[in-house]
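The values are calculated or read from the model by the stated rules, or taken from the named source; none is laboratory data. Just so it is clear, the model here is predicted, and its values are computed rather than measured. Accessible surface areas use protein heavy atoms only, side chains included; no ligands, DNA or RNA. Shrake-Rupley method; radii C 1.70, N 1.55, O 1.52, S 1.80 Å.
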Amino acid sequence: MRVHVTDLIPGDQIQHDAYNDKGVHVLQEGTTLRSEDISKLSQHGIDYVEIKPRTLSLSLDPLSEISDSFNKVKPQFNLAFDGCSTLFTEASQTGKFNQSVVDDVFKPLVGSLDVHTDVVSLLLLFNGKDDYTYRHSIQVGMLSYYIADWMGYSKKEAYEIGKAGYLHDIGKCKISRDILDKPGKLTTEEFEEVKLHTVYGYEMISDSMNDKITAMVALQHHERDDGSGYPRALREEQIHPYAHICAVADVYSAMTTNRVYQSKQQLLTVLRELYSLSFGKLNGKPTHAFIQQMLPNFIGKKVLLTTGESGIIVMNHPSDYFRPLVKTDDRFIDLSKEYHTSIQEILL
């Protein structure tokens, strides 16, 4: 049964080894396809594959695989969420927190991340409407871990970097909720107060853990390579590499999440924004590693276009990675050429 890659569904089984046009072996005969396998075929420019006849037992629900992954990670995510609440409450009341809680709730989450390679689906699944600060802390911890892993850090180092991301905003427990949840623009005085969360976080982590680097990440995650950040207006070479990584995760999570004063932005649009920021603001190494690894995750994702049409991303365009090729029911739309049409939302 010969099928175009855009018509494949998770659960299909390929009949023959798949090779690209350069002879590179992509998938083995008999592979039961997952979403990432279908994306891999598209990335290698493979248009058609032979699959075994589909049976009635084959799930035709495109969300089934994602739901399975979600259910596997959800308990660990909920544990990390509750742990974050505990840490923030304790730090708010005493100026310190129990460092054992951090490992107790963050290690299980990291353990579940290694088997979940579709980071885009993970972000979409866990982008809810409950407490922004806790959810953001978890996302930054997760993304910091992924970026560190993608950059070649050891698993131990990646865990430490992820943990630093998880704790990066602990200092916000000392900022008034009236300021943090203010729907309008902050006054100069209010913004100066918000900026102090970096200093508060540094002090709390220093008093709670024997971990100078994690404390440094909390202090420096709003510093920028060109010296325009805070609290000390440091420049690129003065900022710790772990803080560079956390800053990328922090900006991406913040821009793709609903907040009281800001609507979330579309995931690919924010990747483009990160790319722009990598020339002077965010450090280029973690930013480009993040973009390079995230882009393949979008292949196979459903999208809603500004024209009102729905479709599926089938290929990242080589000349404009952030405006891919989309297949709708009756046509292919090359967004790199049709600039009047854009992706309005990426869907599960």
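Tell me the carbon and sulfur percent of the accessible area for the chain, rounded to whole percent, probe radius 1.4 Å.
Values: 8240 of 16550 Å².
About 50 percent, which is the carbon plus sulfur part of the accessible surface.
With contacts defined as alpha carbon pairs under 8 Å and 6 or more residues apart, what's the relative contact order of segment 96-182 in percent? Kindly include the intermediate steps, with their values, before the conclusion.
On the way: 52 pairs, mean separation 23.8, N = 87.
About 27 percent, as a whole number.
Suppose we keep just the alpha-carbon trace of segment 108-176; what are its Rg and Dmax in angstrom?
12.5, 39
Going by accessible area, probe 1.4 Å, with all protein chains left in place, what is the ranking of THR198, THR32, THR6, largest first? Walk me through the numbers on the way to the answer.
Details: THR198 0, THR32 75, THR6 30 Å².
The residues order as THR32, THR6, THR198, largest area first.
Let me test this: with uniform point scatterers at the alpha carbons of segment 194-245, what is the Debye-based log₁₀ I(q)/I(0) at q = 0.17 1/Å?
-0.45
Please calculate the 1.4 Å probe accessible area of MET204, with all protein chains present, and give it to the nearest 10 Å².
Using a 1.4 Å probe on the heavy atoms, I get roughly 10 Å².
Provide ASP12, ASP334, ASP226, ASP7 ordered by accessible surface of protein heavy atoms (probe 1.4 Å), highest first.
On the way: ASP12 0, ASP334 30, ASP226 55, ASP7 80 Å².
Greatest to least solvent exposure: ASP7, ASP226, ASP334, ASP12.
How big is the accessible area of ILE346 in square angstrom, nearest 10, if you roll a 1.4 angstrom probe over the protein chains?
Rounded to the nearest 10, that gives 10 Å².
List the residues, sorted by chain then number, that are 5 or more residues from TYR19 or on another chain and whose placed amide H is less than 5 Å from its amide H.
For TYR19, whose amide H was placed from the backbone, the distant partners under 5 Å are VAL26.
What lysines does LYS22 reach when the alpha-carbon gap must be under 17 Å and sequence neighbours fewer than 8 apart in one chain are set aside?
LYS40
Find the accessible area per residue for the chain; the probe is 1.4 Å, ligands and nucleic acids are left out, and the unit is Å². Walk me through the intermediate numbers first.
Values: 16550 Å² over 348 residues.
That works out to 48 Å² per residue.
Can you give me the relative contact order of segment 200-280 as a percent, contacts being Cα pairs under 8 Å and 6 or more apart?
On the way: 83 pairs, mean separation 15.3, N = 81.
Normalised by residue count, the contact order of segment 200-280 is 19 percent.
Tell me, Kirkwood radius of segment 144-212 from alpha-carbon pair distances, in Å? Each step should come with its number before you reach the end.
On the way: mean 1/r = 0.0732 Å⁻¹.
Its Kirkwood hydrodynamic radius stands at 13.7 Å.
For a quick check of understanding: with a 1.4 angstrom probe and all protein chains in place, what accessible area in square angstrom does HIS25 have, to the nearest ten?
90
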